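The values are calculated or read from the model by the stated rules, or taken from the named source; none is laboratory data. Here the structure is a predicted model, which means the values were calculated and not measured. Counting neighbours? That spans all protein chains shown, and the Cβs are built from the backbone with ideal geometry, glycine included. Please note that ligands, DNA and RNA were not included when accessible areas were found on the heavy atoms of the full protein model with its side chains. Shrake-Rupley method; radii C 1.70, N 1.55, O 1.52, S 1.80 Å.
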Amino acid sequence: MMDVQENKSTDLVEKTDTKNDDQRPKWDNKAQYLLTCIGFAVGLGNVWRFPYLCQTYGGGAFLIPYIIALVCAGLPLLYMELAIGQNLRTGSIGVWNSISPYLCGLGLASMTVSFLVGLFYNTILAWVLWYFYNSFRNPLPWHHCPTALNLTEHIEECKQSTPANYFWYRETLNISPNIDISGGIEGKLVLCLAAAWFIVYICFIRGIETIGKAIYVTAIFPYVVLTIFLIQSLTLPGATLGIKSLFTPNWETLKDPRVWLDAATQIFFSLSLAFGGLIAFSSYNPQNNNCERDAVIVGFINSLTSIYASIPIFAILGFKAQTNYLECKNSTINTWAAALNISDPNITDASYELWYTHLNSTNPSFVKEHNLKMCDLNAFLNQSASGTGLAFIVFTEAVTKMPGSQVWAVLFFIMLFTLGLSSMFGNLEGVLTPLLDLHIIPKRIPKELLTGLLCLVSFTIALIFCLRSGNYWLEIFNNYVGSVPLLVIAFFEIIAVVFVYGVNRFSDDIKWMTGRRPNLYWQVMWRVISPLMLLVVFLAYLIVEAQKEPTYKAWNPNHVDFPKAEDLPYPSWVFNICVLLPAVPCCFIPLGALYRVIQLLHKYTTNRNTLEAYDVET
Amino acid sequence: MITRILLLIFLPSVIAQDLCEDGKDGYKVRLSIKTALGDKAYEWNESEMFLFRSSLAFAMRNHIPTEKFDISNILVCNETKRVSFVFVVTSPNNSTKLIPKDQVASAVRKHRHRLNSAFLLSDGTLEFMGIPATLATPITYGTQPWLIVFGVVIGAVAVGILSLLMSTMTRRRRRAADKGVDSGREEERIEGLVKGNGTSLTCLDSKDGDYNKAFSNDERFTKLLCRFGVFKAKLAEGQDSKTTSELKSLSLKSQLEQVNPSEENDCDSRAEPRANVETGKGI
């Protein structure tokens, strides 16, 4: 083992020789580096996943498991990744190779996951671009249902669901009823995807040199827009309703273990750990940079942004619920007045409930016959969604009810785009830096060409998401690639640093770099709590996922319960792909170790053969 | 005689009632005046009904120009306080014959806007049950607006990419031109090192002080390196009295002896690599 390590050490020293010829790019200043890390960590999930979790799991009470997960697992891993990248000054493959040659597969797994996540993440940005383009229309195309050909009524599919739903599922995605039917390629989505990849390419063309310039806009602009939305949303009626529903603590939820699991996974995925992107970014730092402070800054800003973003989002959702409730009341009043043949102003907002109770008690059959229902405000409030549903359906509907809807729509979609773009930089950097550090690409090929090729290949593969069944595939990628492999990689990362490399040695390195040993808090977290927590989270996540049926929600206009989504099981060929997607990156880890063992054995046998040859001669 | 006269007088209205109440060719109308106008609502009375009948007659006249509809052709019944009623339209030639439903419907649809405006109401508040309102024609654009915005974005991005590529080209050309000048100086430096004692310690020549800590645990070796580093720094600064070339020609051991113990103490705190990083002074 020691022989191999020493041989490897000389190999590596030679490699660092050729690398240290002044050509490793550098950050222009500390601000760029910090903004890039913050931009990578702060992504779409902060805006559309955290508020949903907060509301579902009892508002203010959710913050407790969230902060605990941040402190126990998020920050230690973050600090570790930043320190390791800064110390060893290579991308993820080089870093783990240096720690132990048997871990070369770990870097490869990180690179693969970054690549796969980048594929579908940019498709979401393509959808955001499509909505951005359409926000310049007056009236907004998702405000009203389009009319049928004879102009007497609206299109059936739209009438049964809502205009926002119709615009998303039919006019944007043109979604097929299930994943088996691939349908054709949507031309407009291909154009938007190409535009998204072009924009990513222009920012990424020279690696961190161009990223560092672009990040000033893409990292800061979302905060500007969030502040504008915060101010505007607090003036809307019903805003306080939404914020109250978000933050009212429901301490009972803390007893449910799933809350803790979701908090831990949310912190973990939100900080963009295990992608290799953070390692790549910090590898361009000078070695005396204070990475402890950076880690704490990035971690806390990420969490604070989540909380800050949830306020305007929920204020606007509260406004939407209130408006929907009033509309519902008005239409029910009209139907009742028509059914009961009373003159119109007799049922007012105030007497609404009295009428309903009176009717129910005196003539319940009448109520049933005419299908008279009460409007429920809480039902409207609980209609919150997460993910693309929140951004493209719920929020767009809310925007149409605001005065000056085009402006708000444009601002919102630019914000989403810049949030996602800064995260894309991290994903792509997690692929590019290890590639460059592997030295398999000849020096003659300019970096611009390499990044261009990377973007082109990614664009071509991502065309599957432009099929009519593309959204279903994206959900598969999102659920399977962006979850389990990351947990596995992070677990092996911390095992590698704590048990293979040794925390003492690591602390010495950090002392050499920054002049201070990591204090007791970090030592305790690294040695005991973080590995334990990661293991528990990983196992719990696997158990929960294994218990769930592999089904997906399909948008089928011919379904009995339309507009409710249809729950369909995955066909077997799709399920095989679902299993393959997380398995491939995870398999690189043992395969890498196996490869090294084979190499070692090969060397050992050749050495023995040469020694024997000498013996024979003497 | 009187009964016959009375019958004759009341017959048309009775027949009219029958025709209206039949309900087969009639339409129910519902008005929600207070909902639409609030405080400015007017009272529904005989005159308003007269207006309704006359505007409907107008609509029928316009729809079927050959026949001259009159107010008497519009029959109304089943009036309620909510303000809803049923109306039927009789033919001007034959007061017992009703105009078919679909013709009435198309007449109403064509003139819906006029009817609404006559009563200051809208499609929702002046409802004809069973006659769907014509929806507003969707706005059709010549060039889709989204294509315009898309074109602008793509154009800007393409310009950006081209300019970045151009700047790379010019930078590369400039660097190639400069390289010719620099190559002479590089060779001098390498020669000096080799003269040291035959070993080229090029791995220490990195300006960044890059130093793969993972593989050198050896305290002695690192101290040695540090002292050499200090020596080189002094060389660069030109602090020593001996000339550069003389120093370079010494053996490694003698070179290291040039370092004072006081300067060597700096090596314990490993300040040297960091200082090099900051000031960019090479080893």
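One table, with the values for the structure above:
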item	result
Every residue from region A:34-57 that is open to solvent by 10 Å² or more (accessible area, probe 1.4 Å) and farther than 23 Å from A:G426 by Cα	A:Y52, A:Q55, A:T56, A:Y57
Number of positions in region A:469-486 that are closer than 16 Å to A:C587 by Cβ and of a type in the set (S, T, Y)	1
Criterion (out of contact with any Ser or Thr (no Cβ under 8 Å at 6 or more places or on another chain), assigned to a helix (DSSP H, G or I), at pLDDT 90 or above and over 30 Å from B:M166 (Cβ atoms)) met by exactly one of A:E475, A:E397	A:E475
Residue that is open to solvent by 10 Å² or more (accessible area, probe 1.4 Å) and in contact with a helix residue (DSSP H, G or I) (Cβ under 8 Å, 6 or more places away or on another chain), where the choices are A:I307, A:I267	A:I307
Some residue of region A:533-543 being among the hydroxyl-bearing types (S, T, Y), in contact (Cβ under 8 Å) with a residue 60 or more places away in the chain and over 17 Å from A:S469 (Cα atoms)	yes
Considering residues of region B:114-130 that are part of a strand (DSSP E or B) and surrounded by 14 or more Cβ atoms within 10 Å (Cβ to Cβ) only, the residue nearest to the other protein chains (Cβ to nearest Cβ)	B:E127
Residue, farthest from the chain's Cα centre (by Cα), within region B:55-113, restricted to residues that are under 23 Å from B:G124 (Cα atoms) and part of a loop (DSSP other than H, G, I, E, B)	B:K81
So A:S283, is it within 14 Å of chain B (Cβ to nearest Cβ) and either at negative phi or surrounded by 19 or more Cβ atoms within 10 Å (Cβ to Cβ) (or both)	yes
Of residues in region B:61-82 being open to solvent by less than 20 Å² (accessible area, probe 1.4 Å) and in contact with an Asp or Glu (Cβ under 8 Å, 6 or more places away or on another chain), the one modelled with the highest pLDDT	B:C77
Cross-chain or 6+ apart pairs with Cβ under 7 Å, region B:147-171 first and within 10 Å of another protein chain (Cβ to nearest Cβ), then open to solvent by 90 Å² or more (accessible area, probe 1.4 Å)	B:V149/A:F136; B:I154/A:F198; B:V157/A:F198
Yes/no for A:Y521 being of a type in the set (S, T, Y), open to solvent by 30 Å² or more (accessible area, probe 1.4 Å), more than 29 Å from A:A126 (Cα to Cα) and at pLDDT 90 or above	yes
Subset of region A:287-304 [in a helix (DSSP H, G or I) and either open to solvent by 10 Å² or more (accessible area, probe 1.4 Å) or polar (S, T, N, Q) (or both)]	A:E292, A:R293, A:V296, A:I297, A:F300, A:I301, A:N302, A:S303, A:L304
Residue within region A:226-242 that is open to solvent by less than 20 Å² (accessible area, probe 1.4 Å) and among the aromatic types (F, W, Y) present	yes
Residue count for region B:145-181, restricted to those that are surrounded by 13 or more Cβ atoms within 10 Å (Cβ to Cβ) and farther than 30 Å from A:W130 by Cβ	1
Where A:F499 falls short, out of the listed (1) farther than 25 Å from A:G94 by Cβ; (2) open to solvent by 30 Å² or more (accessible area, probe 1.4 Å)	(1)
Single condition A:V224 does not satisfy, out of (1) farther than 30 Å from A:D567 by Cα; (2) within 11 Å of chain B (Cβ to nearest Cβ); (3) without any contact (Cβ under 8 Å) to a residue 60 or more places away in the chain	(2)
Residue satisfying all of: in region A:173-198; open to solvent by less than 20 Å² (accessible area, probe 1.4 Å) and more than 25 Å from A:A554 (Cα to Cα); nearest to the other protein chains (Cβ to nearest Cβ) among these	A:A195
Sole exception among (1) open to solvent by less than 30 Å² (accessible area, probe 1.4 Å); (2) under 19 Å from the mean Cα position of the chain (by Cα) for A:T433, by number	(2)
Residue match in region A:588-609 (condition: assigned to a loop (DSSP other than H, G, I, E, B), over 21 Å from A:S100 (Cα atoms) and either open to solvent by 80 Å² or more (accessible area, probe 1.4 Å) or out of contact with any His (no Cβ under 8 Å at 6 or more places or on another chain) (or both))	no
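Yes/no matrix, rows are residues, columns are (1) away from every other protein chain (no Cβ under 14 Å); (2) touching a residue at least 24 places away in the same chain (Cβ under 8 Å); (3) polar (S, T, N, Q):
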site: A:Q32; (1), (2), (3): yes, yes, yes
site: A:P51; (1), (2), (3): yes, yes, no
site: A:C54; (1), (2), (3): yes, yes, no
site: A:A83; (1), (2), (3): no, yes, no
site: A:T90; (1), (2), (3): no, yes, yes
site: A:G94; (1), (2), (3): no, yes, no
site: A:P101; (1), (2), (3): no, yes, no
site: A:G105; (1), (2), (3): yes, yes, no
site: A:G118; (1), (2), (3): yes, yes, no
